[in-house]
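Presented below is the structure to which this report refers.
The values are calculated or read from the model by the stated rules, or taken from the named source; none is laboratory data. Just so we're clear, the structure is a prediction, and the values are computed from it rather than from any experiment. Note that we place each Cβ from the backbone using ideal geometry, even for glycine, and neighbour counts take in every protein chain shown.
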Amino acid sequence: MDNQLLKGKNGIIFGALDERSIAWKVAECAYQHGANFVLSNTPIALRMGKIDELAAKTESKVITADATSMDDLDNLFQESMQELNGKIDFILHSIGMSVNVRKGHDYYNQNYDFTMKGLDISALSFHKIMQTAWNLNAMNEYGSILALSYIAAQRTFPDYNDMAENKSFLESIARSFGYHFGIKNKVRVNTISQSPTITTAGSGVKGFDGFFKYADEISPLGNAKPEDCARYCISLFSDLTKSVTMQNLFHDGGFSNTGISDKVIANFLK
């Protein structure tokens with residue numbers, strides 16, 4: 001590829017599971033753009049997914065880590081800087097899970113132990129990753145840290161359950177830590193609010209097919225494809241966006257700014 005936007009840059013990509021994962025697409029795209037990176041996920045995710053296949057394809061190393069464990073994260077960053085022969089230029093947080101959703105608990109009937117576990121995995125892990133990078137002085141100047149979010153942080157999607165709070169907290173962490181990281185060494189911190197995307201995690205949400213189709217019919221450009229989201233991530237890792245920070249950036253085909261569409265109205269007139 002002629003335009004290698006990430007040539008010479010080092011990264012850590014969290015959350016690739018299989019070829020449907022956005023993190024998987026980001027890794028493929030980052031590799032095409034000349035980046036060197038480490039892939040990380042939990043031990044159980046490594047057993048369930050195909051991350052070794054992705055590692056071979058992108059000439060990258062897999063380092064197991066539970067992103068809720070400070071000890072695991074400390075080891076991950078230390079090993080990554082050794083593996084990559086330098087500090088980190090970009091990080092992708094593509095981690096999320098609601099135990100309540102998995103266990104079939106409705107929003108109004110939560111198991112609060114499950115709620116706290118989901119919050120830790122889906123949002124607090126983002127803070128833990130950045131705090132580890134901060135304490136180890138692991139980020140290069142003008143580095144970029146990015147997490148994947150969803151518009152349920154701002155709007156109500158009943159079956160999205162407590163993941164809505166998780167995404168709200170995630171976005172707040174990005175703004176708050178983005179301020180401090182910007183002051184420290186010009187590191188950018190942002191979130192991307194992606195369209196509903198058919199991934200292993202997303203497909204587990206009740207009614208997913210319905211609101212995937214609804215969002216596609218509302219959005220002027222249709223739902224944003226995961227490959228396009230990956231390219232957007234690359235632009236935010238690159239030097240082209242050195243002054244973009246503390247933002248939640250909608251990558252959703254225009255859904256977030258559209259009240260109704262002709263297609264949806266036509267469905268009600270049938």
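A few points about this structure:
- Residues of the stretch 108-117 that are surrounded by fewer than 17 Cβ atoms within 10 Å (Cβ to Cβ) and in a helix (DSSP H, G or I): Tyr108, Asn109, Tyr112, Asp113, Met116, Lys117.
- Here Lys242, Lys167, Lys186 are screened, and the one residue that is out of contact with any Cys (no Cβ under 6 Å at 6 or more places or on another chain), modelled with pLDDT of 95 or more and on the phi > 0 side of the Ramachandran plot is Lys186.
- Matching option when the condition is among the β-branched types (Val, Ile, Thr), in a helix (DSSP H, G or I) and either more than 21 Å from Gly254 (Cα to Cα) or touching a residue at least 12 places away in the same chain (Cβ under 8 Å) (or both), among Ile234, Ile198, Ile192, Ile145: Ile234
- Restricting attention to the stretch 1-31 and to residues that are surrounded by 19 or more Cβ atoms within 10 Å (Cβ to Cβ) and of a type in the set (S, T, N, Q), the residue that is modelled with the highest pLDDT turns out to be Asn10.
- Selection of first residues in the stretch 151-164 that are under 16 Å from Lys117 (Cβ atoms) and outside any helix (DSSP H, G or I) and of second residues that are among the β-branched types (Val, Ile, Thr) and modelled with pLDDT of 90 or more, restricted to Cβ pairs under 7 Å at least 6 apart or on distinct chains, gives the following pairs, ordered by first then second residue: Asn161/Val101; Asp162/Thr115.
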